[in-house]
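Visitor: One structure coming up, written as C-alpha cells, with questions to follow.
The values are calculated or read from the model by the stated rules, or taken from the named source; none is laboratory data. In this text, all values refer to a predicted model and were calculated from it rather than measured experimentally. Backbone-built Cβ (ideal geometry, glycine too); neighbour counts: all protein chains shown.
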C-alpha cells in the first residue's frame, strides 16, 4: 500500500459524497413530477411515449397493477433480446458477419441483461454484432436499470404515503428514469470516455501489421475440431507465425457509459473495463467507478427527501460507505501483499513510484493495485459486475472481498434502485431486532412493522442464500458442473461459488476461468438470475403496497430513532451478521483455505 | 394482464428507438466530429498506412525491442480480436510455471543481468492487450536493448524517458511506458 494509493481511494469517496446531494435532490424532483429544467427540452418526447403507449400519466396503480406492468414490460424485453440474438446473422450492422447465438447462450444472455445482471458467458468482440449490442444490450442496460429505479421509488412512496392504496405509475417512473436521469448522464460520460480514447465507430475491425512478427506454438485440431493428441496422449502442438493484429472496434463508449451508470456491467469487449478501448486511461477508470456508485448513493438522498427527513438517507448512506471503505482497504492490502510463491522466484513485488508491485496477474499497469482493488470492491458492492482486472487471479483474500460484497445481498450501494430497496429491507429487519430487544412494536419512518412486513422481509433475505448455496451445491457434485472448473483445488470451488453468488445477486462479474458457456451453466444461471431479480421485486412491491395503506404512528419515547450513529451500527451489524452467518462455511472451503495453503508455501 | 400488453410493447419499442438507435448514433456522430482520432482506435499512421494503435500493445520477443506484459490471449499473444486475461489463480501451479518460463526467457536474452525482475514483466495483463509496462520494467530491459542495438545505455534511457508518462493529473493511475511507441521511436533512430 502506498500513500498515492490511499489518496486515489480517498479522492473517489470525496467526489462521490460531493455529488450525492445535488443529484439526489434532482432525482426527487424527477419522481415527484416537479419542474427540473430538462422537462422543457424532453417533455414532448415524454408525452409522445405516453400517447403511443396509451398511458395516462396521472393515473396511479396499486401494487398488483404496478408489479403486473413491470413483469409484462420485462417479459417483452426478454423475448425481444432473445429474438435479436437468434436473428443477428440476418440483420444489418454486423460487419464481422457473426451468426446466430446458440439457444442456451441466447437465453442466458437475455435473462442476464433484462435482470440487470450482465453475466456474460460469451466474449463480446467475438459473438455479438453492433446491432445486437445497440438494440439489445444498450437498451436493456437503460431499461433494466430504470425498472430497478421505478421499484425503489414505489417502495419509497409506500413509506411516504399514509392510508393510500396506490404507489405510483410504473410507466411514468420507467420513462422518466430513462429520459431525465440515465440518458443525459450517459451522453456526457460517453463523450468523456471517447475523448480519452474509448472507441465509438460503426466501421469494421482494422487489420494492422505487427512491428515484429512472432512465432508461437498452437495446439493442433483434428478433423472434428477437437485437440489432436500425439503418441504419448499429450495435445499435439505446431509452430505458427503471426504478422498482423486485428483491432476489434465498435460503438463501445455509448454502451460502456450506461453499463456503469445503470450498474449493469456487461462489457462491449471480453476483457470489459480492463480493455484499453473501454477504459483507456486512469481518468476513465476513475469516472467509471464513480458512475457505477453514483446513482445508488444519490438515491439515499432522494429517499430522505421523499420521506421528508434527509437524515434518514444520510444514515443509510453512512452504513453503506463504512462497509465499502473497510472492504476496499482489505482488498488493497491483500493485493499489495502479493503472491509469496512468485516472490520466492526472485520477482520484485515491492510497490514504488517506478512500479505497481504486488499481485499484477490479471491487472493493467495504467490502473495498478489501488485502482484495481477499488474497482473490484465497488463493482461488487454495487451490482455492476464490470471488471478492470481479472478477479479469478486475485490473491485468495483479495478475491474474497468481491465474493462477500455480493453475498451481503447487493445492498452496499447495490444496483440502481435495487440496492436501496434491498437495504431498506435490512433496515426493517434491524428495527425489528431492536424492537425485540426492548420489547416494543418496531416502527420505521412512522410505519408500524407488523407480521406481514416481517414475513415479506424474511422471505426477501432468505431466498437469495437458498438460491446461491443450493445451486452451488448441485454444481459441485455433478459432472456437468465440475467439468467447467478451470483452476485446481479450493480455488475451483471458489469459481463455482462466485458464479452463483454473482448470478443470484444480479451482479454479473465472474471468476472468469470457469467455462460458463455450457448448457448447464447457461440454463441454471438463467433461471437463477430471473428468480433473484423478479421474485425479490414482486415481494418488494407487495411490501410497498402494505406500507402505503398504513397510518402514520406519531413517534413516542419508545421509538428507536433511525438517523443516529447507533442505528448505523445496528444496520451494519444486521447486514454483516446475516451475510457472514449464511456464507462463512462456504467461504471457509474456498478462499479462506486457499489463503492458508498459499501462505504456508 | 391484457391492460399491460400494449403499453409494454409500445414502451419497449419507443425506448428501443430512443436508447438503442438515437442515443448510440448521436454519440457516434458527436464522437466522430469532436474526437475522430480517439473514436476510431487511436491508430498510429505512417506513410498513409495504419501500423498500430497507441492503446493496444503488440507482442515482442526480439532482443532489440522492449517487451511488453505477457499476454494470455488465444491462440497467440496480443490477439486484439479476442481480449482475455489468463484467469489462473494465485495457487495454480500453471501460474508458477508460466512465471518461471518468463523469467528464464528474460535471463536467456540478457545473460549476466542479475537484478530482480519487476512483477508486471512476468505476469499476464487483464486484457491481454496492455500497451504499457512500468518504468522499472523498462529500466530492467535497457541493458539488453542497448547491447542488441549497439547503442549506449544513456541514449536508450533517454528515449525511454521521452515515452514515460506520469500519473494522470499527478495522482491517478500509475507511471507507465508505452511499449509500442517506444519501440517505434527506437527503430526511427536508425
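Visitor: Inside the stretch B:107-129, can you point out the residues that are in contact (Cβ under 8 Å) with a residue 24 or more places away in the chain and under 30 Å from residue A:512 (Cβ atoms)?
Guide: B:120, B:121, B:122, B:123, B:124, B:125, B:126, B:127, B:128, B:129, listed by residue number.
Visitor: What residue, of A:225, A:233, A:197, is surrounded by 17 or more Cβ atoms within 10 Å (Cβ to Cβ) and out of contact with any strand residue (DSSP E or B) (no Cβ under 8 Å at 6 or more places or on another chain)?
Guide: The unique qualifying residue is A:197.
Visitor: Would you pick out the residues in the stretch A:51-69 that are part of a helix (DSSP H, G or I) and either at the interface with chain B (Cβ under 9 Å from one of its Cβ atoms) or surrounded by fewer than 17 Cβ atoms within 10 Å (Cβ to Cβ) (or both)?
Guide: Result: A:51, A:52, A:53, A:64, A:65, A:68, A:69.
Visitor: Between A:294, A:290, which is surrounded by 21 or more Cβ atoms within 10 Å (Cβ to Cβ) and closer than 30 Å to residue A:191 by Cα?
Guide: Checking each option against the conditions leaves just A:294.
Visitor: I would also like to ask the following. Among A:253, A:190, A:257, A:248, which is touching a helix residue (DSSP H, G or I) at 6+ places or on another chain (Cβ under 9 Å), surrounded by 14 or more Cβ atoms within 10 Å (Cβ to Cβ) and more than 7 Å from every other protein chain (Cβ to nearest Cβ)?
Guide: Just one listed residue meets the conditions, A:257.
Visitor: Same structure, new question: Would you confirm whether or not the stretch B:20-36 contains a residue that is in contact (Cβ under 8 Å) with a residue 12 or more places away in the chain and outside any helix (DSSP H, G or I)?
Guide: no
Visitor: Could you tell me whether residue A:486 is crowded, with 24+ Cβ neighbours inside 10 Å and not in a helix (DSSP H, G or I)?
Guide: no
Visitor: A follow-up question, please. Can you report the number of residues in the stretch B:110-126 which are modelled with pLDDT under 95 and part of a helix (DSSP H, G or I)?
Guide: 0
Visitor: Does residue A:168 satisfy the criteria of being away from chain B (no Cβ under 12 Å) and either closer than 20 Å to residue B:30 by Cα or at pLDDT 95 or above (or both)?
Guide: Yes; evaluated as a whole, the condition is true for this residue.
Visitor: Could I ask something else about it? Is it true that residue A:101 is more than 10 Å from every other protein chain (Cβ to nearest Cβ), at pLDDT below 95 and farther than 25 Å from residue A:543 by Cβ?
Guide: no
Visitor: Any idea which of B:54, B:84, B:80, B:71 is in the same structural domain as residue B:153 (by TED's automatic domain parsing), in contact (Cβ under 8 Å) with a residue 40 or more places away in the chain, crowded, with 17+ Cβ neighbours inside 10 Å and over 17 Å from residue B:179 (Cβ atoms)?
Guide: After ruling out the rest, the residue left standing is B:84.
Visitor: Could you please let me know if residue A:116 is over 14 Å from residue A:525 (Cβ atoms), under 20 Å from the mean Cα position of the chain (by Cα) and in a loop (DSSP other than H, G, I, E, B)?
Guide: Considered against the rule, which asks whether it is over 14 Å from residue A:525 (Cβ atoms), under 20 Å from the mean Cα position of the chain (by Cα) and in a loop (DSSP other than H, G, I, E, B), residue A:116 comes out as yes.
Visitor: In this structure, is residue A:522 under 21 Å from the mean Cα position of the chain (by Cα), crowded, with 21+ Cβ neighbours inside 10 Å and part of a helix (DSSP H, G or I)?
Guide: yes
Visitor: Of everything in the stretch A:436-462 that's surrounded by 17 or more Cβ atoms within 10 Å (Cβ to Cβ) and assigned to a helix (DSSP H, G or I), which residue is farthest from the chain's Cα centre (by Cα)?
Guide: Among those that are surrounded by 17 or more Cβ atoms within 10 Å (Cβ to Cβ) and assigned to a helix (DSSP H, G or I), it is A:453.
Visitor: Which ones in the stretch A:464-490 are within 14 Å of chain B (Cβ to nearest Cβ) and touching a residue at least 60 places away in the same chain (Cβ under 8 Å)?
Guide: If the condition is that a residue be within 14 Å of chain B (Cβ to nearest Cβ) and touching a residue at least 60 places away in the same chain (Cβ under 8 Å), then A:486, A:487, A:489, A:490 are the ones that fit.
Visitor: Moving to a separate point now. Tell me whether the stretch A:131-145 contains one or more residues that are at the interface with chain B (Cβ under 7 Å from one of its Cβ atoms), under 25 Å from residue A:286 (Cβ atoms) and buried (at least 20 other Cβ atoms within 10 Å of the Cβ).
Guide: yes
Visitor: In the same structural domain as residue B:125 (by TED's automatic domain parsing), modelled with pLDDT of 95 or more and touching a strand residue (DSSP E or B) at 6+ places or on another chain (Cβ under 6 Å): does that describe residue B:59?
Guide: Answer is yes for this residue.
Visitor: Residues being surrounded by fewer than 23 Cβ atoms within 10 Å (Cβ to Cβ) and more than 7 Å from chain A (Cβ to nearest Cβ): count how many of those fall in the stretch B:57-68.
Guide: Summing the residues that are surrounded by fewer than 23 Cβ atoms within 10 Å (Cβ to Cβ) and more than 7 Å from chain A (Cβ to nearest Cβ) in the stretch B:57-68 gives 2.
Visitor: Name the one entry in A:540, A:559, A:582 that is surrounded by fewer than 24 Cβ atoms within 10 Å (Cβ to Cβ) and assigned to a helix (DSSP H, G or I).
Guide: None of the others qualify; the one that does is A:582.
Visitor: Given the stretch A:281-400, what helices (runs of 4 or more DSSP H) lie entirely inside it while holding 2 or more residues that are more than 20 Å from residue B:70 (Cα to Cα)?
Guide: So the answer is A:282-306, A:310-337, A:368-381.
Visitor: Still on this structure, I have one more. For residue A:181, state whether it is within 13 Å of another protein chain (Cβ to nearest Cβ) and either in contact with a helix residue (DSSP H, G or I) (Cβ under 6 Å, 6 or more places away or on another chain) or in a helix (DSSP H, G or I) (or both).
Guide: Criteria met by residue A:181.
Residues checked against (1) touching a residue at least 12 places away in the same chain (Cβ under 8 Å); (2) within 12 Å of the chain's Cα centre (by Cα); (3) surrounded by fewer than 16 Cβ atoms within 10 Å (Cβ to Cβ):
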| position | (1), (2), (3) |
| --- | --- |
| B:143 | yes, no, yes |
| B:146 | no, no, no |
| B:169 | no, no, yes |
| B:174 | yes, no, no |
| B:182 | yes, no, no |
| B:187 | no, no, yes |
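Visitor: While we're looking at this one, here's another question. Out of (1) within 30 Å of residue A:269 (Cα to Cα); (2) more than 12 Å from chain A (Cβ to nearest Cβ), what's the single condition that is false for residue B:145?
Guide: Every condition holds for residue B:145 apart from (1).
Visitor: What do you reckon, is residue B:129 assigned to a loop (DSSP other than H, G, I, E, B), at pLDDT 95 or above and more than 9 Å from every other protein chain (Cβ to nearest Cβ)?
Guide: Considered against the rule, which asks whether it is assigned to a loop (DSSP other than H, G, I, E, B), at pLDDT 95 or above and more than 9 Å from every other protein chain (Cβ to nearest Cβ), residue B:129 comes out as no.
Visitor: Hey, does the stretch A:208-216 have a residue that's closer than 28 Å to residue B:183 by Cβ, more than 8 Å from every other protein chain (Cβ to nearest Cβ) and at pLDDT below 95?
Guide: Yes, the stretch A:208-216 contains at least one residue that is closer than 28 Å to residue B:183 by Cβ, more than 8 Å from every other protein chain (Cβ to nearest Cβ) and at pLDDT below 95.
Visitor: Separate question: With more than 7 Å from chain A (Cβ to nearest Cβ) and either closer than 30 Å to residue A:485 by Cβ or in a helix (DSSP H, G or I) (or both) as the only criterion, which of B:94, B:136 stands out?
Guide: Just a single option satisfies the conditions, and that option is B:94.
Visitor: Determine, yes or no, whether residue A:375 is away from chain B (no Cβ under 11 Å) and at pLDDT 95 or above.
Guide: Against the criterion (away from chain B (no Cβ under 11 Å) and at pLDDT 95 or above), residue A:375 does not qualify.
Visitor: Suppose we keep only residues that are more than 28 Å from the chain's Cα centre (by Cα) and in a helix (DSSP H, G or I) within the stretch A:70-102. Which one would you say is farthest from residue A:205 (Cα to Cα)?
Guide: A:90
Visitor: Hey, another quick one. Is it fair to say residue A:30 is buried (at least 19 other Cβ atoms within 10 Å of the Cβ) and within 13 Å of another protein chain (Cβ to nearest Cβ)?
Guide: The answer is no for residue A:30.
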